[in-house]
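Worksheet: the structure to be examined is printed underneath.
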Amino acid sequence: MKTTDPLKTFEERGYAIFSAVDRKPLDELRARIFDHAKTLVPYKGEKMEDFFNKFHEYGLRSSELNKFRMDLMGWCNRELRVARSLHEAFRGHISALVGPDVVAQKGTNLVVQPPGDKDQTPTHRDAPMSSHFEVIVWVPLVDVYKTKSMFISDRPHSAQALGKLQAGGSYGDFCSFIEKHSTNLEVDYGQACFFAGGIAHGCPLNAEKETRWSLNMRYKNIFSPYGTRGINDYFELLTLSPLAKVGFDFEKLEHAG
């Protein structure tokens, strides 16, 4: 029998789909992104859902599209608290995986992928550059399906692919294996895919008739091992447990003495 508990699914597959426990922070975040994004193009007055899904009709290509992405991400980093908003929306799920002492990546990763856009994320694993002890939260701002989505391999097949690399296999063989043993996610707006750093994933060429918009953010326990990205340069503190607050206060006193 298949489990319907997303935490058990996460343990078995290395990824799972979680619904927001509080939609309001997510809705407000999406609305603010929409409000600024429409100032960067000759806005035609369509509703938010249509603006996102039919964004390719604005005809941005190559360098223009990349400039739009970079300008919008820069604004998000300056004006929004993306990590905090997503943490509020999915807080219970994040704490169930990483605990109460949470840090998140500082920068915003926003992907806008129109149909036919060849600037796509290649097949990869986030770890070991990132820590195995953090969770990646992938949040589409529109409903995603088929090639409008991302593909992801489960825990057993990601492990098999890693084994092939360690045995001397090529990166091309790794990608072919993962793409053969992966799933194109179906995720509705208001949901997110949580996955572990060792899970292989990537983005196919978007062959659908709608543009994909998605955010991704990394969360980890402040006391868990880090990869090559240190706490000060890559992460910001979100929440501390009462014990951690007391412990850090005593550490300050002892180091000051």
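The values are calculated or read from the model by the stated rules, or taken from the named source; none is laboratory data. None of these values were measured; they are calculated from a predicted model. Every residue, glycine as well, gets a Cβ built from its backbone with ideal geometry; the counts of neighbours run over all protein chains shown.
Structural remarks
- Inter-residue pairs, beta-carbon under 8 Å, first of a type in the set (D, E) and in the range 71-83, second part of a helix (DSSP H, G or I), 6+ apart: E79/R32; E79/H36
- Residue count, the range 135-181 (criterion: under 30 Å from V102 (Cβ atoms) and of a type in the set (S, T, Y)): 3
- Cross-chain or 6+ apart pairs with Cβ under 7 Å, the range 154-178 first and free of Cβ contacts under 8 Å to residues at least 60 places away in the same chain, then outside any helix (DSSP H, G or I) and surrounded by fewer than 18 Cβ atoms within 10 Å (Cβ to Cβ): H157/H181
- One residue alone among L215, L185, L238, L165 is touching a His at 6+ places or on another chain (Cβ under 6 Å) and of a type in the set (A, V, I, L, M), and that residue is L238.
- Within the range 1-45, considering residues that are assigned to a loop (DSSP other than H, G, I, E, B) and under 25 Å from S85 (Cα atoms), the one modelled with the lowest pLDDT: D5
- Qualifying residue in the range 188-208 (condition: of a type in the set (D, E), surrounded by fewer than 17 Cβ atoms within 10 Å (Cβ to Cβ), under 24 Å from the mean Cα position of the chain (by Cα) and not in a loop (DSSP other than H, G, I, E, B)): no
- Some residue of the range 135-156 being touching a His at 6+ places or on another chain (Cβ under 9 Å), among the polar types (S, T, N, Q) and surrounded by 16 or more Cβ atoms within 10 Å (Cβ to Cβ): yes
- Residue identified as over 18 Å from I152 (Cβ atoms) and touching a helix residue (DSSP H, G or I) at 6+ places or on another chain (Cβ under 7 Å) among G198, G190: G190
- With respect to the conditions (1) touching a helix residue (DSSP H, G or I) at 6+ places or on another chain (Cβ under 7 Å); (2) surrounded by fewer than 14 Cβ atoms within 10 Å (Cβ to Cβ), P128 lacks only one, and its number is (1).
- Meets criteria (touching a helix residue (DSSP H, G or I) at 6+ places or on another chain (Cβ under 8 Å), surrounded by 16 or more Cβ atoms within 10 Å (Cβ to Cβ) and either under 19 Å from W213 (Cα atoms) or of a type in the set (G, A, S) (or both)) for A37: yes
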